[in-house]
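Quick notes on the structure that follows.
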Amino acid sequence: MGFFHGDVHGQLADYRVRRPVAPLRLPDGRTGWLLTRHDDVRRALADPRLVKDGLVSPLGFRPQLPPDIYAATAQNMLTVDPPNHTRLRRLIQGAFTQRRIALLAPTITATADRLIDALDTPGKHDLIEEFAFPLPITVISELLGVPVDDRGDFTEWASVIVAGPNRGAELPGAVVGMIGFIRELVDAKRKQPEGDLISALTATTDQDDQLTEDELVSTVYLLILAGYDTTANLIGNGAWLLLRDRTWSEAQADPDRLPKIVEEMLRYESPVQMGTHRMATEDVNYGDQLIPAGSTVLLSLLSANRDDRVHAQPEVFEPGRAANAHLAFGHGVHHCLGAPLARLEARIAFTGLLSRLPETRLADGFVPRWRPSALMHGLKDLVVTTR
């Protein structure tokens with residue numbers, strides 16, 4: 001999986017103990033520095049000496065793209081630093097409001113119910129393919145105003161882009177297809193605005209400041225990728241944990257515990273394996289290690305959330321965990337803007353699954369397999385029986 005294969009948690013635990021700031025070979029042949037302890041990762045997430053400007057690829061892997069396509073991927077909140085990041089976040093927050101997120105609840109519930117109807121049939125079902133991915137892609141499509149007939153194409157493009165080096169030959173075409181689609185969609189919404197987020201973003205102003213065309217396209221590009229894959233991983237990983245530990249029925253019996261259960265899912269099997277990489281603008285010290293200026297710095301959220309210096313018995317999935325200072329959504333100025341939406345989707349998803357499919361069990365012989373990705377952390381499939 002990405003840099004690691006097999007027991008990724010075991011390998012990361014070894015790094016935390018033996019070399020918490022370690023050199024790691026990047027896909028392009030350069031050497032980066034991997035941080036694995038919670039306190040180091042948290043500090044690095046907010047360290048202004050570690051910058052993102054111009055670093056589009058999550059882990060040093062940048063496909064060959066036409067300049068105009070590259071520009072349309074490189075100007076969103078995830079790829080720039082303050083003060084430009086501050087400006088972009090201010091403009092986007094004006095459209096991406098709590099009210100707009102709350103209004104999605106009926107859509108999320110109706111979509112979850114429709115998908116659960118199909119799951120409530122005899123035989124085996126793949127919760128990843130049939131529920132965890134269709135739910136958030138439908139929600140982000142509704143949020144952005146993506147026509148139903150177009151959702152299949154950008155779902156496939158997004159899966160290629162998130163996989164990165166593991167599907168390198170397909171990556172340029174996927175990015176070109178995605179950006180072309182977004183440009184056409186933005187143009188259509190500008191000509192005929194509706195009640196969706198893209199329409200709101202085209203009209204957003206703040207003291208006569210507006211998103212440029214590339215900033216708007218790049219922001220939508222980010223929202224599509226981040227808005228479905230991470231939430232799909234949260235739902236899929238979380239369902240696996242409840243079924244693996246035989247706590248499905250326990251969670252169903254006490255729905256008031258669900259918010260804490262979701263937070264523990266986020267900690268224990270974080271949807272994001274690695275934070276998007278940074279570059280050191282000067283020599284920096286983490287632990288006993290000097291990281292030279294110009295170095296790429298990699299932050300393992302997956303490892304930080306299993307650090308026993310912060311979390312008691314971190315290898316135990318504890319649905320009732322009270323103190324849970326996880327970093328699944330990051331920290332600092334780049335803390336995930338979509339975290340409230342992801343939490344809302346997860347709560348509604350599990351409310352529906354637990355209440356309507358109480359007899360769900362792992363299929364006989366099921367063995368978890370993780371999708372290859374240097375950035376994300378999610379199961380390939382989750383085969384279950386629901387009756």
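The distance between label points at Gln11 and Gln210 comes to 4.8 nm (points 7 Å beyond Cα on the Cα→Cβ vector).
Under the simplified labelling scheme, the Glu184-Ala293 pair shows an inter-label distance of 4.7 nm, with each label point 7 Å from Cα along Cα→Cβ. Segment 85-124 and segment 358-375 have their alpha-carbon centroids 24 Å apart.
Computed over the Cα atoms of segment 250-378, the ratio of the radius of gyration to the Kirkwood radius (Rg/Rh) comes to 1.04. The magnitude of the dipole of segment 262-385, with charges of +1 and -1 set on the Cβ of Lys/Arg and Asp/Glu and taken from the Cα centre, is near 400 debye. The sum of -39500 (n - 2.57) across all DSSP H runs of n ≥ 4, divided by the residue count of the chain, sets its helix-only mean residue ellipticity at 222 nm to -14000 deg cm²/dmol.
Under the classification rounded if a/c is under 1.5, otherwise prolate if a/b is larger than b/c and oblate if not, where does segment 67-184 fall, given a ≥ b ≥ c as square roots of the Cα gyration tensor eigenvalues? Oblate, because a/c is 1.5 or more while a/b does not exceed b/c. Compactness check for segment 330-387: Cα Rg over 2.2 N^0.38 Å is 1.49.
Extension gain, Asp283-Lys260: 0.36 nm per intervening residue step, less the Cα-Cα distance, totals 4.3 nm.
Normalised by the number of residues in the chain, the mean separation of alpha-carbon contacts (under 8 Å, six or more apart) gives a relative contact order of 28 percent.
For the pair Ala323 and Gln98 in one chain, pulling the backbone fully straight at 0.36 nm per residue adds 78.5 nm over the alpha carbon distance.
About its Cα centre, the dipole of the chain is roughly 700 debye, where the only charges are +1 on Lys and Arg Cβ and -1 on Asp and Glu Cβ. Take the Cα of Val367, step 7 Å toward its Cβ, do the same at Ala253, and the gap between the two points is 3.3 nm.
The stretch between Asp113 and Asp53, if pulled fully straight at 0.36 nm per residue, gains 17.4 nm over its current Cα-Cα span.
Each reported figure results from applying straightforward, stated rules to the coordinates on display, with no laboratory input. Please read these numbers as outputs of a predicted model, since none were measured by experiment. Using ideal geometry, Cβ is built from the backbone for each residue, glycine included, and neighbour counts are taken over all protein chains shown.
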